[in-house]
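Enquirer: Right, I'll just put the structure down here and ask away after.
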Amino acid sequence: MQATRGAGRIQDAPTKTACTSGMLLCLDREQRLVYIFGEILGVPDVVGGELLEISRDAFRKKLSRARRDLHSFMHGNCGLINPDNPCRCRRKTAGFIKAGFVDSRELRFVRGRTIQVKEVAQTALDTLHELDVAYGDLYRAHPFYESPDFIAGIRALLDRRDVKSHLELS
């Protein structure tokens, strides 16, 4: 069983991952999406707002509230965050194995080497940024067209004898 050391005690990696992922359930669906996009994946407010079809300001406010709610929940329950809370990761893993929820020979999160979100999030953000730049470059390559002088065109139209006659401008 793979374990990591954190805050002076041993944390079982599969339980830590499952438990902290489960803590996201203290948030409602929208808060989870905002938190995952904004905090975990580092999506900027412009993109996050667009993804959720809300304004940038609303995205930032919702992210702030999601952070507050999650941090409050974790501070009151998680030993990884607050040392006054007893860390139960190791004990929970043993209990999960004993109850048959986890097979000690086939730990779900420890097969081979799993990568961490932070290892791929920045690459994904860099790729999105490169696409944004490429899209912008594509549009910036468009030519400016000389627009006709509409005022001069209207005056010329109004100066025509047939138009003056129909509009009774003579």
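Since every read-out is calculated from the coordinates, none of them should be taken as a lab result. All figures in this text were calculated on a predicted structure; none of them were measured in a lab. A quick note on method: Cβ atoms are made from the backbone with ideal geometry, for glycine too, and the neighbour counts reach across all protein chains shown.
Enquirer: Quick one: GLU130, GLU30, fewest Cβ neighbours within 10 Å first, how do they rank?
Expert: Going from sparsest to densest Cβ surroundings: GLU130, GLU30.
Enquirer: Also: Quick one: 3J(HN,Hα) in Hz for the stretch 141-150, Karplus 6.51/-1.76/1.60 with θ = phi - 60°, rounded, Gly and Pro as x.
Expert: 7, 5, x, 8, 9, 6, 7, x, 7, 5
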